[in-house]
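Only the coordinates and a few stated rules stand behind these numbers; no lab work does. Nothing here was measured: the structure is a model prediction, and the numbers come from that model. Glycine also receives a Cβ, built like all others from the backbone with ideal geometry; neighbour counts cover every protein chain displayed.
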Amino acid sequence: MKEFLFVYQILLESSTTNTTEGRIILGMMVRVIKIGKSVLHLSGAHIHYGQNGLGRLIYESCVTIAWLLGSSDKLRFENYIKNGLLNEKRLLKRIEEDIDNNNGVKLPIQERMISSVEYTAKEANLTLKDVREIPSAKKIGIPNVYERTKFLDPSCGLYLLYRNMSGETHGSFHELVRYNTERKENFIEAEFHCSAEESIASDSRVTLPLIILINKSFSEVLKDNVFDFNNSSDKELLVARIRNIMKNVSKLDAAHERLLQDQKL
């Protein structure tokens, strides 16, 4: 996964965009790579716990990229921005209410917070007035994760990966039994460790599907020519390298399945 993320990082570092839409896609891809590095950090430290939670964030970003590129909704980017500014709207409302309750006196920290909201809005070509008028999330109508998955995988087979990762995020019974507690005779005890074999298998369950997912999403961006690349020949070399990495991932995926069968995990 390290080389995979590194190659895509080099690819993005050599790309530029001058549109808000391109900036959203570029930012989302950089976000995925950064979170992927966090997964690698946990894996390198032999810490399985937390990888699924991070994987869930990667999944959501990947299907969002696919939705933004594949949807026929002409307002999708505009709605994505508005949905992303809802917290700023709530914050601005609270600050302005507090200022009104204080007879219009604006504290320095409130001025800084308003300026921060204004800066973010300006990057989307919006004003504070526009932020105040953003409708509710329900009215904006961003598709849920399942619906966004359809743009990346029409069969929604990948969605099972997301559901499995959600167990760690929400604390499912399976996750609590498997990784956080242990039965010893007639007692249940806290479990802070896992066996090396199970840890390796668990890491593979997260990293291999994530590589496949990320590549599937990022490949759509490359096909869509969202960015301008400083050197087209370098781009071709890097894309070829990614193809070779994915061939090795397929081999690892098959070996991983055999490992799971042998360990009955």
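Could you sort 209-221, 2-14, 113-125 so that the peptide with the highest average Cβ count within 10 Å comes first and the rest follow in order? Walk me through the numbers before you get to the answer.
Values: 209-221: 20.1, 2-14: 16.9, 113-125: 14.3.
Ranked by mean Cβ neighbours within 10 Å, highest first: 209-221, 2-14, 113-125.
Take the cross-link list 93/139; 93/122; 129/150 and give me the ones stretching past 26 Å between alpha-carbons. If you can, show how the numbers build up before the last one.
Details: 93/139 19 Å; 93/122 18 Å; 129/150 35 Å.
From the list (93/139; 93/122; 129/150), the Cα-Cα distance tops 26 Å for 129/150.
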For the chain, take the longest principal axis of its alpha carbons; what is the angle in degrees between that and the long axis of helix 232-263, to the nearest 10 within 0 to 90?
50 degrees
Charge dipole (the chain, unit charges on Cβ, about Cα centre) - positive-most of 52, 261, 221:
221
The exposure ranking of 228, 153, fewest beta-carbon neighbours within 10 Å first, is 228, 153
Once phi is turned into ³J(HN,Hα) by the Karplus curve 6.51 cos²θ - 1.76 cosθ + 1.60 with θ = phi - 60°, what whole-Hz value does each residue of the stretch 210-225 show in order, with x for glycine and proline?
5, 4, 4, 4, 4, 5, 4, 6, 5, 4, 5, 5, 5, 5, 7, 6
Please arrange 19, 149 by counting, for each residue, the other beta carbons lying within 10 Å of its beta carbon, fewest first.
19, 149
Please give the length that would be gained between residue 120 and residue 189 if that part of the chain were fully extended, namely 0.36 nm times their separation in residues minus their C-alpha to C-alpha distance (nm, one decimal).
20.0 nm
Could you name the lysines whose alpha carbon sits less than 18 Å from that of residue 2, not counting residues in the same chain fewer than 8 places away?
34, 37, 216, 247, 251
Placing each pseudo-label 7 Å from Cα in the direction of the beta carbon, residue 13 and residue 144 end up separated by a distance in nanometres of 4.1 nm
Scalar couplings 3J(HN,Hα) for the stretch 37-46 by Karplus 6.51 cos²θ - 1.76 cosθ + 1.60 (θ = phi - 60°), nearest whole Hz, x for Gly and Pro, are 5, 5, 4, 4, 4, 5, 5, x, 8, 6
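Would you calculate a helix-derived [θ] at 222 nm for the chain, using -39,500 (n - 2.57) for each DSSP H run of n ≥ 4 and dividing by the full residue count, to the nearest 500?
-23000 deg cm²/dmol
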Roughly how big is the chain's charge dipole about its Cα centre, with Cβ charges of +1 (Lys, Arg) and -1 (Asp, Glu), in debye to the nearest 20?
420 debye
Which length gain, in nm to one decimal place, applies between residue 132 and residue 254 when the Cα-Cα distance is subtracted from 0.36 nm times their residue separation?
38.7 nm
In sequence order, what are the phi-derived ³J(HN,Hα) couplings for the stretch 61-67 according to the Karplus relation 6.51 cos²θ - 1.76 cosθ + 1.60 with θ = phi - 60°, rounded to whole Hz, with x for glycine and proline?
5, 5, 6, 5, 4, 4, 5
Around residue 102 (Cβ within 14 Å, Cβ-to-Cβ, excluding residue 102; K/R +1, D/E -1) the net charge comes to -3
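Where Rh denotes the Kirkwood radius from the mean inverse Cα pair distance, what is Rg over Rh for the chain?
Details: Rg = 22.1 Å, Rh = 21.2 Å.
Taking Rg over the Kirkwood Rh, I get 1.04.
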